[in-house]
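*Asks:* Below is one structure. I have some questions about it.
The values are calculated or read from the model by the stated rules, or taken from the named source; none is laboratory data. Treat the numbers as computed from the prediction; the structure is a model and nothing was measured. Neighbour counts run over all protein chains shown; Cβ positions are idealised from the backbone, glycine included. Just so you know, the surface numbers come from the protein's heavy atoms only, side chains and all, with ligands and any DNA or RNA stripped out. Shrake-Rupley method; radii C 1.70, N 1.55, O 1.52, S 1.80 Å.
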Amino acid sequence: MTRRLAVLVPVLVAALGPLASAPARAQPAAATAVTAPAKGPCQAVEFEGQPYTVCTVDLRRERVRLFWLGADGLPYGSLSGLAERQGQRLSFAMNAGMYDKGQAPVGLYVEEGREMKGVSTANGPGNFHLKPNGVFYVKGDRAGVLDTPRYLRAKPAPDFATQSGPMLVIDGKVHPKISADGPSQKIRNGVGVRDGGRVAVFAISERPVTFGAFARLFKDSLGCRNALFLDGSVSSLYAPGLGRSDLSRPLGPLVGAVGK
């Protein structure tokens with residue numbers, strides 16, 4: 001799926017339009033520029049000439065959690081479906097990692113302290129297996145991003161966790177296998193943490209971008225020493241403060257913020 005359809009009208013009203021193809025890479029910006037005010041945790045940001053939407057959640061004020069299966073035992077499958085069931089308490093949501101044809105997580109998945117899929121250390125093709133991959137997790141009012149080997153050593157016993165890959169930023173440095181500007185350009189989304197894990201930072205590109213550009217966003221603009229790629233092409237956002245609910249093909253795990 002090489003193009004993303006986005007709903008940019010009042011939430012849950014579908015009006016589809018294709019995104020423009022990516023322009024030539026601009027010179028790096030000196031700093032992040034906020035281009036539009038917004039209600040809620042999400043706002044428009046520009047970095048290196050590319051537009052992004054960034055959702056910043058203070059875990060002391062809101063609860064970040066993962067969603068996969070509803071009460072009927074079936075995947076939520078879409079952001080609109082999740083929003084319908086969560087109501088106004090859901091301040092934002094996006095897709096939260098890679099999944100198989102049955103919409104099941106590819107790697108580790110923990111929800112409400114229950115491990116529903118185990119950690120994957122397998123080798124294979126694709127972004128998930130570009131080692132090191134990593135885990136985004138939440139425990140109480142703190143979140144973390146760790147590469148998979150470090151996560152296994154730390155054994156944090158999280159309330160919520162999702163595994164994806166590759167890592168984008170590891171201890172303040174871009175993943176060593178990510179080139180500065182490779183040939184692959186896609187709509188991408190990811191997550192990082194800062195302020196000692198008290199703040200989780202989610203981002204989605206509004207145009208196709210390279211892995212390198214996306215990693216630099218987290219490292220140089222968003223101040224995240226560790227950040228994890230969640231997915232590309234299917235990357236989608238629900239942000240009622242922006243009047244936005246993206247449409248995509250059926251999704252697997254989702255992440256969102258709800259009131260405490």
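*Asks:* Which of the numbered conditions does P149 fail, given that it passes all the others? Conditions: (1) touching a residue at least 40 places away in the same chain (Cβ under 8 Å); (2) outside any loop (DSSP other than H, G, I, E, B); (3) open to solvent by 30 Å² or more (accessible area, probe 1.4 Å).
*Replies:* (1)
*Asks:* I've got another one for you. Can you tell me which residue is surrounded by the fewest Cβ atoms within 10 Å (Cβ to Cβ) among those in segment 232-258 that are closer than 25 Å to G197 by Cβ and touching a Leu at 6+ places or on another chain (Cβ under 9 Å)?
*Replies:* V258
*Asks:* As an exercise: evaluate Y52 against (1) under 26 Å from V209 (Cβ atoms); (2) modelled with pLDDT under 95; (3) outside any loop (DSSP other than H, G, I, E, B); (4) open to solvent by less than 60 Å² (accessible area, probe 1.4 Å) and give the number of the one condition it does not meet.
*Replies:* (2)
*Asks:* Residue by residue through segment 152-173, note down the ones that are out of contact with any helix residue (DSSP H, G or I) (no Cβ under 8 Å at 6 or more places or on another chain), among the charged types (D, E, K, R) and either closer than 23 Å to D220 by Cβ or crowded, with 22+ Cβ neighbours inside 10 Å (or both).
*Replies:* D171
*Asks:* Does segment 120-141 hold any residues that are surrounded by fewer than 20 Cβ atoms within 10 Å (Cβ to Cβ), without any contact (Cβ under 8 Å) to a residue 40 or more places away in the chain and not in a loop (DSSP other than H, G, I, E, B), and which are they?
*Replies:* If the condition is that a residue be surrounded by fewer than 20 Cβ atoms within 10 Å (Cβ to Cβ), without any contact (Cβ under 8 Å) to a residue 40 or more places away in the chain and not in a loop (DSSP other than H, G, I, E, B), then H129, K139 are the ones that fit.
To keep it simple, each residue is scored yes or no on (1) among the polar types (S, T, N, Q); (2) open to solvent by 10 Å² or more (accessible area, probe 1.4 Å).
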position	(1), (2)
R63	no, yes
L69	no, yes
L74	no, yes
S80	yes, yes
R89	no, yes
F92	no, no
Y99	no, yes
P105	no, no
V110	no, no
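*Asks:* Can you name every one of the strands (runs of 3 or more DSSP E) wholly within segment 161-260 that holds 1 or more residues which are without any contact (Cβ under 8 Å) to a residue 60 or more places away in the chain and over 23 Å from L90 (Cα atoms)?
*Replies:* 167-170
*Asks:* Hey, another quick one. Check off (1) on the phi < 0 side of the Ramachandran plot; (2) touching a strand residue (DSSP E or B) at 6+ places or on another chain (Cβ under 9 Å); (3) open to solvent by less than 40 Å² (accessible area, probe 1.4 Å) for G182 and give me the number that stays unchecked.
*Replies:* (2)
*Asks:* Can you tell me which residues in segment 220-245 are of a type in the set (K, R) and closer than 25 Å to G107 by Cα? Full working, then the answer.
*Replies:* Initial filter on segment 220-245 (of a type in the set (K, R)): 225, 244.
Once the filter is applied, which keeps residues that are of a type in the set (K, R) and closer than 25 Å to G107 by Cα, segment 220-245 yields only R225.
*Asks:* Let me confirm something: among A44, A93, A31, A71, which residue is over 28 Å from G126 (Cβ atoms), modelled with pLDDT of 95 or more and not in a helix (DSSP H, G or I)?
*Replies:* None of the others qualify; the one that does is A44.
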